[in-house]
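> Got a structure here, written out as C-alpha cells. Questions coming.
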Amino acid sequence: KAKSDFILQVTHELRGPLSSVVAFSCLLDDPSSGTLTGEQHGHLAVIDRNANRLLRLIDDLLLLSRLESRTVRLHRVPVRLIDVLGAAVAEREPDATGGGVELRRDLGAGPDLSGDAARLYQVIRNLIANALHFTPRGGRVTVRSRYGEGGWTVEVTDTGIGIPATDLPKLFSAFFRGSNVTSAVGRHATPGTGLGLLVCRAIVDLHAGAIQVASTEGIGTTVTLTLPVGPERTSEVDRESAARR
C-alpha cells in the first residue's frame, strides 16, 4: 500500500506540470502565436515528443501499480476474442504498411471468454506494436489464435531482430531494454517506456492466464498468451463487489 500511495502521489505531482508543458508547446507552435523558424519548430517538436513520452510513462506506472495491487476493476463480459484480435491488427496495419512490414492474421474460431475486452485489446495492441517496432522492412508479423482444452492460445510472432538469450530472463523487469535494441530504436522517433510487457503480464494474470516469450537473436520473437474461458481469478475490487451483491 505504501508503494501504491507513493506512486499515486508522484504521478499526480508530475502530470500537472508535464500537461502544461505539452499545452504551451502546442500554443507556441500555433500560427496565431507568431512566425517561427524551421529550427524553432524542430525544438518544439522535441519538447512535445519527450513531454508526451513522460506522460505515457506516468500512465504506465500508475496502471502497473493498480494492476499489481489488484485494485483495477475489470469489466467482465463475454468476449469474442477474434474480434478483439482483428481490431488490434486493423489498427496497426497503417504502421505496418508505413514500416514496410507485412502484418498477417490467422484467427481460429472458438467460444467467448469471460474477460475485459478493453484490457485484452490493450495487451494485443501492445504486443503487435512491439513486434512491428523491432521488425525491419521486408519482415513479417503474424497474429494467431487457437482454441483448445478449455482455453485460448494467442501468438504474436515476428521476424525481427530477436532477443539475446542472456536478456530473456530480464524481459519482465521494470524499465528493461534489450542489449541489441539501439539500432532498432534509432529508426523510430520515440522509444517505449520499458513497462509494456509488465503491464501486459499483469492484465493477463488478472484473467488467470499466462504470457511467455521465446526468441532467437537475428531470427525473431514469439509471445504466447494462454487465456482460460471458464471461471476467472478476480481482483480485490471484483471480490468486494461480489460480496456486496
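Here, each number is a calculation from the coordinates, and none is a lab measurement. This structure is a prediction, so every number in the text was calculated from the model and none was measured. Note that each Cβ is placed from the backbone with ideal geometry, even for glycine, and that neighbours are counted across all protein chains shown.
> What's the extension gain from residue 50 to residue 219 if we count 0.36 nm per residue and subtract their Cα-Cα distance?
Working: separation 169, 0.36 × 169 = 60.84 nm, distance 3.14 nm.
Taking 0.36 nm per residue and subtracting the Cα distance, the gain is 57.7 nm.
> Here is a further query. In the range 40-150, what % of DSSP beta bridges are antiparallel (nearest 5)? The partial results should precede the final answer.
Numbers: 3 of 9 bridges.
Of those bridges, close to 35 percent are antiparallel.
> Still on this model: For an R0 of 30 angstrom, estimate the FRET efficiency from the Cβ-Cβ distance between residue 77 and residue 226 and round to the nearest 0.05.
Numbers: r = 20 Å, r/R0 = 0.67.
Efficiency at R0 = 30 Å is approximately 0.90.
> What net charge do the residues around residue 36 carry, taking every other residue with its C-beta under 14 Å from that of residue 36, with Lys and Arg at +1 and Asp and Glu at -1? Before the final figure, lay out each step's value.
Values: positive: none; negative: 29, 30, 39, 48.
Once all neighbours under 14 Å are counted, the net charge is -4.
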